[in-house]
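The values are calculated or read from the model by the stated rules, or taken from the named source; none is laboratory data. Everything numeric here is computed off the predicted structure, so don't read it as measured data. Don't worry about glycine lacking a Cβ; one is built from the backbone with ideal geometry, like all the others, and counts go over all protein chains shown.
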Amino acid sequence: MKNINQKDDQWIRKNFERLVEKYPGKYIAVAAGKYVLGQTRQEVEEKITQKVKKILPSVLQIPHKESLVCAL
Amino acid sequence: MRSLTFPYTTHKGLAIPYIPLALKIGATWRRFWAFVDTGATYSIFRVSEIEDLNFDYKKGKLINVQVGDGGLIPVYLHQLAIRLGDFEIPTTVGFSTRLGVEFNLLGRKDIFEAFDVTFSDSRREIIFTAYA
């Protein structure tokens, strides 16, 4: 298993509000402080792996703000 | 007794129990974010997040799961390794093309059996405490 960089998760938390405002519905992959955005999980996995080889990227689909108030 | 603490993810003052984890899918470890959902029996992940992998999710056990609008969605259950922080445990994970929310769900089965899970909205964090 590749290494996990917990700072990548912290970066996502820190920037979550801005990501929801600017890029809802897109995927983001973050690894070693670098990030890429795209339309699909596969796209961002491939792009980030080209930039960062040794870190397992933190990936999510950025939710729409309406999704954040939910009854699950 | 070891514990693992995740800060809540926040948006406009709302605290969201949305946490990072990793799953081993076939031979591949992949990282996800999931909404910790005490109302979900099983952890359910969206097929769109794994469909590029060489993993036939339909080989899992098919069940129908009732969701919030009363409808049933098909879910294929698998036994996979999950990593939460430094913990790695076997977990029942379902995959569905019909999960109608934009989150993967981390449900109770196996997870809440391995950990006591504390939601602290006052401290804005979730604590997983393992007794094994």
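Exactly one residue among B:Gly68, B:Gly60 is among the small types (Gly, Ala, Ser), out of contact with any Lys or Arg (no Cβ under 7 Å at 6 or more places or on another chain) and either at the interface with chain A (Cβ under 8 Å from one of its Cβ atoms) or within 20 Å of A:Leu56 (Cβ to Cβ) (or both), and that residue is B:Gly68.
Among what's in region B:92-105 and is touching a residue at least 40 places away in the same chain (Cβ under 8 Å) and away from chain A (no Cβ under 11 Å), pick the residue that is nearest to the chain's Cα centre (by Cα). Among those that are touching a residue at least 40 places away in the same chain (Cβ under 8 Å) and away from chain A (no Cβ under 11 Å), it is B:Val93. For region B:39-54, the condition of being farther than 29 Å from A:Arg13 by Cβ and either out of contact with any His (no Cβ under 6 Å at 6 or more places or on another chain) or not hydroxyl-bearing (Ser, Thr, Tyr) (or both) holds for at least one residue. The residue pairs whose first member lies in region B:7-27 and is closer than 15 Å to B:Leu106 by Cα, whose second member is among the β-branched types (Val, Ile, Thr) and surrounded by fewer than 18 Cβ atoms within 10 Å (Cβ to Cβ), and whose beta carbons are closer than 7 Å, counting only pairs six or more residues apart or on different chains, are B:Ile16/B:Thr10. Of all residues in region B:97-132, those being buried (at least 20 other Cβ atoms within 10 Å of the Cβ) and either among the acidic types (Asp, Glu) or not in a loop (DSSP other than H, G, I, E, B) (or both) number 7. Per the conditions (1) under 21 Å from B:Thr28 (Cα atoms); (2) modelled with pLDDT of 95 or more, the sole criterion not satisfied by A:Gln6 is (2).
Report yes if B:Asp69 is modelled with pLDDT under 95, of a type in the set (Asp, Glu) and out of contact with any Ser or Thr (no Cβ under 9 Å at 6 or more places or on another chain), otherwise no. Yes.
Of the strands (runs of 3 or more DSSP E) entirely within region B:1-89, those holding at least 1 residues that are within 28 Å of A:Lys47 (Cβ to Cβ) and of a type in the set (S, T, N, Q) occupy B:9-11, B:28-36, B:43-46. Is region B:25-43 home to any residue that is over 16 Å from the mean Cα position of the chain (by Cα), within 12 Å of chain A (Cβ to nearest Cβ) and of a type in the set (Gly, Ala, Ser)? Within region B:25-43 (the criterion being over 16 Å from the mean Cα position of the chain (by Cα), within 12 Å of chain A (Cβ to nearest Cβ) and of a type in the set (Gly, Ala, Ser)), the answer is yes, since at least one residue qualifies.
Conditions (1) touching a Leu at 6+ places or on another chain (Cβ under 9 Å); (2) more than 10 Å from every other protein chain (Cβ to nearest Cβ); (3) crowded, with 21+ Cβ neighbours inside 10 Å, marked per residue:
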residue	(1), (2), (3)
A:Asn3	yes, yes, no
A:Arg13	no, no, no
A:Lys22	no, yes, no
A:Ala31	yes, no, yes
A:Lys34	no, yes, no
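Take region A:49-64 and flag every residue that is within 13 Å of A:Tyr23 (Cα to Cα) and more than 7 Å from chain B (Cβ to nearest Cβ).
Going through region A:49-64, the residues within 13 Å of A:Tyr23 (Cα to Cα) turn out to be A:60-64.
Hit for region A:49-64 is A:Ile62, nothing else.
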